[in-house]
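The values are calculated or read from the model by the stated rules, or taken from the named source; none is laboratory data. Note that the structure is a prediction, hence the values are computed from the model and not measured. Using ideal geometry, Cβ is built from the backbone for each residue, glycine included, and neighbour counts are taken over all protein chains shown.
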Amino acid sequence: MHRRFAVLVTSIVALAASAAAQDRPPGQLRPRPGTGREPEFPPPSILDYKPRSTLVVPAHPVPRAKFPVVDIHFHPPGALTSADVINRVVAAMDSLNLRVMVNSSGSSGERLTQQIEAVKASPHKDRFVMFTNLGLRDIGPGSGAGIAAQLEADVKAGAVGVGEIGKGFGLSARRTDGTRLKMDDPELDPVWETAARLKIPILIHTADPAEFFQPIDYTNERWLELALFPDRRHYDRTRFPAFEDLMAERDRLLERHPRTIWVLAHLGWHANDLARLGRMFDRMPNLYAEVGAILYDLGRQPRAAREFFIKYQDRLLFGKDSFQPDEYPYFWRVFETEDEYFDYYRDYHAFWKLYGMGLPDAVLQKVYYKNALKLIPAISREGFPN
Ligand SMILES: [Zn+2]
């Protein structure tokens, strides 16, 4: 198994190297030892080199969050119409101190109603709320009004927000005339204004980490991830807009609808440049962001991240994205402790270690649940401190 994986990766490496070699001088493809000396043994690949840390420091793993948590970016491992799915998820939630999950695999119409009914009929009715989704494809004249009407109906049926709007919106969704659908297309204005009137949050994921839009070479921080997942490679400008063009388009959308409550998934992919997100928060009072899948960026700048979380404590929400119960404790540990140089859970996100931010309790409480309760008043107060 390990060997076959290694062979596969080796051939991917060779492929990527030969692809990159076409537009880069070959010298840049070689790892540099830094001393002017060549290694006496063949250097290991980044997959094989896993040095054991010899650092001895206190370690405080956190299996259970210090305060109850609302996860605003949750994709259930199956429809919540299944009692088995509900029971399995709740068992994991209880051990992690996740109090409420926001189903951001939004569904609409009958599928939405079925899930709401199933949760209501279960012994766990207070533990889940539902988002709806929007049909943001094949947009033409009149689409906006139709989507807005569906949104209104779904909210009447019990949806408490919109999301997750996926990265396809911006990256690949089209208008009926075949052109790329711009996120700030005026046809969709009635949708965003309806959400504003209904005072419901919109969880929106735009683009992907900036490195996914760059060539796969040995200076790319996400080289391994890009080598593993073909559908994350967005560097071909004939097929995809540039990262900054998507960000500019997203920002125009947000600024055009200042009364709409926007929640940027993954800190808007600005976790590697928190000052940039801070300037957006300063400019846009109705903007929020959640921390799903970017822990590696917080954990490598614990001091700057701590300051940022304190400054913007009213704008940040907890979200995880993929539901892997054993991964949540890494978030608790980064947020709650001042531990140093500990492992992260996914080597293709980050080849570095994490450090704890040691957030004050008051900030933890806002990020874990208070801000979510404010944005989604329909969440039951049961199980949260007063
Ligand atoms: Zn998601």
Considering every residue within the stretch 276-287, establish whether at least one is under 23 Å from HIS73 (Cα atoms) and within 16 Å of the ligand (Cβ to nearest atom).
no
Under 14 Å from the mean Cα position of the chain (by Cα), at negative phi and not aromatic (Phe, Trp, Tyr): does that describe ILE310?
no
Determine, yes or no, whether ARG127 is buried (at least 16 other Cβ atoms within 10 Å of the Cβ), out of contact with any Cys (no Cβ under 6 Å at 6 or more places or on another chain) and of a type in the set (Lys, Arg).
yes
Within the stretch 13-64, residues being surrounded by 12 or more Cβ atoms within 10 Å (Cβ to Cβ) and modelled with pLDDT under 80 number 10
Would the stretch 297-319 turn up any residue that is in contact with a Ser or Thr (Cβ under 9 Å, 6 or more places away or on another chain) and more than 16 Å from the ligand (Cβ to nearest atom)?
no
When only residues in the stretch 80-119 that are within 26 Å of TYR368 (Cα to Cα) and of a type in the set (D, E, K, R) count, which is surrounded by the most Cβ atoms within 10 Å (Cβ to Cβ)?
ARG99
Of the residues in the stretch 148-170, those that are of a type in the set (A, V, I, L, M), buried (at least 18 other Cβ atoms within 10 Å of the Cβ) and either away from the ligand (no atom under 16 Å from the Cβ) or in contact (Cβ under 8 Å) with a residue 60 or more places away in the chain (or both) come to ALA148, LEU151, VAL155, ALA159, VAL160
What number of residues in the stretch 196-211 are in a helix (DSSP H, G or I) and either more than 16 Å from the chain's Cα centre (by Cα) or within 13 Å of the ligand (Cβ to nearest atom) (or both)?
3
Going through (1) more than 16 Å from the ligand (Cβ to nearest atom); (2) part of a helix (DSSP H, G or I) one by one, TYR328 fails only at (1)
Criterion: more than 20 Å from the chain's Cα centre (by Cα), among the charged types (D, E, K, R) and either at pLDDT 95 or above or closer than 30 Å to ILE86 by Cα (or both) - qualifying residue of ARG346, ARG303
ARG303
Identify all residues within the stretch 288-308 that are surrounded by fewer than 24 Cβ atoms within 10 Å (Cβ to Cβ) and touching a residue at least 60 places away in the same chain (Cβ under 8 Å); write none if there are none.
TYR288
Selection count where residues are farther than 28 Å from LEU267 by Cβ and of a type in the set (Asp, Glu), scope the stretch 137-186:
3
Unique residue being more than 16 Å from the ligand (Cβ to nearest atom), under 23 Å from THR206 (Cα atoms) and of a type outside the set (A, V, I, L, M, F, W, C) when the list is ASP126, ASP138
ASP138
Going through the stretch 260-278 one residue at a time, which ones are free of Cβ contacts under 8 Å to residues at least 40 places away in the same chain and either among the acidic types (Asp, Glu) or in contact with a Pro (Cβ under 7 Å, 6 or more places away or on another chain) (or both)?
ASP273
Could you say which residue among THR260, THR219 is among the polar types (S, T, N, Q) and crowded, with 22+ Cβ neighbours inside 10 Å?
THR260
If I ask for residues that are in contact with a strand residue (DSSP E or B) (Cβ under 8 Å, 6 or more places away or on another chain) and either part of a loop (DSSP other than H, G, I, E, B) or more than 11 Å from the ligand (Cβ to nearest atom) (or both), which ones from the stretch 72-83 would you list?
PRO76, LEU80
Quick count over the stretch 360-386, residues being without any contact (Cβ under 8 Å) to a residue 60 or more places away in the chain and part of a loop (DSSP other than H, G, I, E, B), is 4
Qualifying residue in the stretch 135-144 (condition: closer than 24 Å to ARG88 by Cβ and either surrounded by fewer than 20 Cβ atoms within 10 Å (Cβ to Cβ) or among the small types (Gly, Ala, Ser) (or both))
no
